[in-house]
Amino acid sequence: MRWGVGALLVSVAVGCAGCVTQSTPQPIASAVAPGQARVSITRVDGTSLLGSSVHIAVNNVAVADLAEGQTFTSGVRPGDVTLSANGTADIGQYTVHFKAVPGRTYAFQISKRMEHTVAGVVGGLAGLLVETVVSGEHGGAFQITPVKP
């Protein structure tokens, strides 16, 4: 019996050894047409739970699901731009607005919002709901921070 349990544990460990990967995520890029502005968004939080992705929307259109360390780059039409980020199975989203100028590059980083995490730990689902309502457009598990391109 003792050997059977040991053999089972060893076979599970050997079988799962190939499941863990440390590969660098590939960037997601699309062409930037003449007359457009460039938007580059990089996820830098490094605290993913079970490999969950961050869903990115530009002008209310889903454009990418970013893994840790992944970057999305694309062109946007000049004018008002709305950029949103939210996590899988999360309450709320973080939104920023900016005015895009043709030929200019706008860079952003996506990272965890500790306020949202603390609200969930302390208040559970009710805490998340209250934090989301209070935060308005700056709710959800992730935040968007402008950075120099």
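Computed values, structure above
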| quantity | calculated |
| --- | --- |
| Set Thr82, Thr73, Thr105: member being surrounded by 18 or more Cβ atoms within 10 Å (Cβ to Cβ), polar (S, T, N, Q), in contact with a strand residue (DSSP E or B) (Cβ under 9 Å, 6 or more places away or on another chain) and modelled with pLDDT of 90 or more | Thr73 |
| Among the candidates Ala67, Ala89, Ala119, Ala100, residue that is of a type in the set (A, V, I, L, M) and at pLDDT 95 or above | Ala100 |
| Residue in the stretch 71-86 that is in a loop (DSSP other than H, G, I, E, B) and closer than 20 Å to Gly139 by Cα present | no |
| Residue count, the stretch 92-131 (criterion: under 27 Å from Val76 (Cβ atoms) and either in a strand (DSSP E or B) or in contact with a His (Cβ under 9 Å, 6 or more places away or on another chain) (or both)) | 18 |
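Results for (1) under 20 Å from the mean Cα position of the chain (by Cα); (2) among the acidic types (Asp, Glu), shown as yes or no for each residue.
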residue	(1), (2)
Pro78	no, no
Gly92	yes, no
Pro102	no, no
Phe108	yes, no
Ser111	yes, no
Glu115	yes, yes
Gly123	no, no
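The values are calculated or read from the model by the stated rules, or taken from the named source; none is laboratory data. Keep in mind that what you see is a predicted model, and the values were worked out from it rather than measured. Note: ideal-geometry Cβ built from the backbone for every residue, glycine included; neighbour counts use all protein chains shown.
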